[in-house]
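Notes follow once the structure below has been shown.
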Amino acid sequence: MPNLQRDPLWYKTAVFYEVYVQSFYDANADGIGDFRGMKDQLDYLEWLGIDCLWLLPFYGSPMRDGGYDISDFFSIMPEYGTLNDFSELLAAAHERGIRVVADLVMNHTSDQHPWFLESRQPGSAKRDWYVWSDTNERYPDARIIFVDTERSNWAWDETAGAYYWHRFFSHQPDLNYANEQVQEQMLSVIRFWLDIGLDGFRLDAVPYLFEREGSSCENLPETHAFLKRVRSEVDKDYEDIVLLAEANQWPADVVAYFGDADECHMAFHFPLMPRMFMAARRQVRYPVVEILEQTPDIAAGCQWGLFLRNHDELTLEMVTDEERDYMYGEYAKDPRMKVNLGIRRRLAPLLENSRAEIELFHCMLLSLPGTPIIYYGDELGMGDNIYLGDRDSVRTPMQWTLDRNAGFSRADFAQLYLPVLLDPVYGYQAVNVESAQRDQYSFLQWIRRMLAIRRQHPVLSMGSLHMLHPANPSIFAYVRKLNDDIVLVVNNLSARAQAAELDLSEYEGMVPVELLGRERFPQIGRLPYLLTFVRHGFYWFQLISESSPGD
Ligand code: NOJ
Ligand code: CA
């Protein structure tokens, strides 16, 4: 790892970039992105200024759920390349100081996994590796997650003559974690990839590992105990690893995945994300403020993972029924935009391609407590294709240039794993890396500058959060503090120009320096501090003492 500094807390100041191998760049012209292609494009990621790649599942799979249906944990999809290509990608990323984490699906496998094929055979020694039952009535309190496609968490298997348990698609049987051998196997999988040089895992669907009668079968103590075991095994033999929990739960339940700083290092903040969209459309800060106030403090070694969009639908599981209706009404006007309890669209179309609003969302993403995670293509303002099935709407090829197939692949168009976007607003002729790099005022250039500024201010990654309460409800203002470093962030959620008075009396005598242009603003006095904003405007101010040199 030549250029990677030893740093057990690296994930606290990092910016993550989430990407599918198949979507990024196709080096061998078969229409499917691959590890060699990803390696070829590391220059771009380094230029952009990201610190960690999060690779979506690349393991052997029938690909009925974007690779979350694994049929071999120890191999990679042949279309993506060889294990050697994978190792080369890791080495090349590490040379650039970029870390790489990958999805790990512990909860379930594909029904094509040899373990399942064996388990379903009568008298199989592996019978107990999955959750079998003579009735489909056990665990009635467990909700159904994929409500559009599944009617029950149980599916009948003819060969086994029994029902098997599945929290997601019926082709994804849940592993039985009550079985010691399953636990051991999963630990071997983890060791296998860490030995090759991976820097950690996004742990898919962690709340569902164990089942228990009379419970919702989510967040059970047994599940936490196993995750703690994973952490201690990882800590024992490896350095600078991150475990990121995917637990789509309320903040009070999610914090349990940090344990006493002895479980997962990171966890996504799921409820915050839809509330940013709600606050923006209502043009008031309360939805965001409320959820942040309900978010417990976390230990020093722990970190939230923040995101605006990802490879799934904009999930509305962690909102009330009323809020969900509101979100559908505002953001899913075409029924095709809905899937399960969510909205299968990308960021730019959700925000109607408003550059000011897209910037505002990123301002919040990069300044609220947590590690920002950018979904590939969102740095360009890529769009979606709601005529594709399920969540493929948001998984189309990366748009590199205005050449054939967006410069993504030299294959025939018909051969691409999914069609590139061709529409006049978001199609690759309008939105691509090459044009955005040439245009000094593009969104891509803007976000690159913002990432650079953020990197200079660790307070934005690790500082404490103090909310301000201005009378103007459209103004969302907070102070981040880390020792003597103080940053004031002020966002205008309104689509109209606004003025607001902030109570900054605590900082009397200090001078706000705007971080993008390094302009000094008037000194803070005893009276409320007046700021004015253009629509969806924002400020990042460093508060400095008058006596200090200025920067
Ligand atoms: C969560 C993943 O993000 C999603 O894409 C997948 O379908 C489910 N887990 C099942 O693995
Ligand atoms: Ca390829």
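The values are calculated or read from the model by the stated rules, or taken from the named source; none is laboratory data. From a predicted model like this one, the values you see are computed outputs, not experimental measurements. When we count neighbours, we look across all protein chains shown, and the Cβ atoms used for this are built from the backbone with ideal geometry, even at glycine. In case anyone asks, the SASA skips ligands and DNA or RNA and just uses the protein heavy atoms, side chains included. Shrake-Rupley method; radii C 1.70, N 1.55, O 1.52, S 1.80 Å.
Does Phe521 count as open to solvent by less than 10 Å² (accessible area, probe 1.4 Å) and more than 27 Å from Asn353 (Cβ to Cβ)? Answer is no for this residue. In region 208-233, the residue that is surrounded by the most Cβ atoms within 10 Å (Cβ to Cβ) out of those that are hydrophobic (A, V, I, L, M, F, W, C) and over 21 Å from the mean Cα position of the chain (by Cα) is Cys217. The set of residues from region 197-216 being within 15 Å of ligand 1 (Cβ to nearest atom) and closer than 21 Å to Glu317 by Cα comprises Arg202, Leu203, Asp204, Ala205, Val206, Pro207, Tyr208, Leu209.
With respect to (1) open to solvent by less than 60 Å² (accessible area, probe 1.4 Å); (2) under 18 Å from Asp195 (Cα atoms); (3) charged (D, E, K, R); (4) in contact (Cβ under 8 Å) with a residue 60 or more places away in the chain, the lone exception for Asp72 is condition (4).
On the stretch given as region 57-78, residues that are more than 16 Å from ligand 2 (Cβ to nearest atom), among the aromatic types (Phe, Trp, Tyr) and outside any strand (DSSP E or B) total 1. All but one of (1) within 16 Å of ligand 1 (Cβ to nearest atom); (2) without any contact (Cβ under 8 Å) to a residue 40 or more places away in the chain; (3) in a strand (DSSP E or B) hold for Trp54; which doesn't? For Trp54, the failing item is (2). Of all residues in region 244-289, those being among the hydrophobic types (A, V, I, L, M, F, W, C), outside any helix (DSSP H, G or I) and under 25 Å from Ala332 (Cβ atoms) number 5.
Quick one: Trp47 ticks every box in (1) within 13 Å of ligand 1 (Cβ to nearest atom); (2) open to solvent by 30 Å² or more (accessible area, probe 1.4 Å); (3) of a type in the set (Phe, Trp, Tyr) bar one, so which box is it? With (1) within 13 Å of ligand 1 (Cβ to nearest atom); (2) open to solvent by 30 Å² or more (accessible area, probe 1.4 Å); (3) of a type in the set (Phe, Trp, Tyr) applied to Trp47, the lone miss is (1). Filtered by the rule that a residue be within 16 Å of ligand 1 (Cβ to nearest atom) and not small (Gly, Ala, Ser), region 18-35 gives Glu18, Val19, Tyr20, Val21, Gln22. The set of residues in region 332-355 being within 18 Å of the chain's Cα centre (by Cα) and assigned to a loop (DSSP other than H, G, I, E, B) consists of Leu341, Arg344, Arg345, Arg346.
From the list Tyr177, Tyr164, which one is more than 15 Å from ligand 1 (Cβ to nearest atom) and under 30 Å from Thr371 (Cβ atoms)? Give the steps one after another, and end with the answer.
On the way: Tyr164 fails: under 30 Å from Thr371 (Cβ atoms).
Going through Tyr177, Tyr164 in turn, the sole match is Tyr177.
Among the residues of region 1-44, the ones that are closer than 19 Å to Asp378 by Cα, open to solvent by less than 10 Å² (accessible area, probe 1.4 Å), touching a Gly at 6+ places or on another chain (Cβ under 9 Å) and not in a helix (DSSP H, G or I) come to 4 in all.
Quick one: would you say Asp111 is within 16 Å of ligand 1 (Cβ to nearest atom), of a type outside the set (Lys, Arg) and under 26 Å from Glu317 (Cβ atoms)? Walk me through it before giving the result.
Working: within 16 Å of ligand 1 (Cβ to nearest atom): yes; of a type outside the set (Lys, Arg): yes; under 26 Å from Glu317 (Cβ atoms): yes.
Here the answer is yes, as Asp111 does meet what is asked.
Only residues that are open to solvent by 10 Å² or more (accessible area, probe 1.4 Å) and aromatic (Phe, Trp, Tyr): list them for region 190-207, please. The answer is Phe192, and nothing else.
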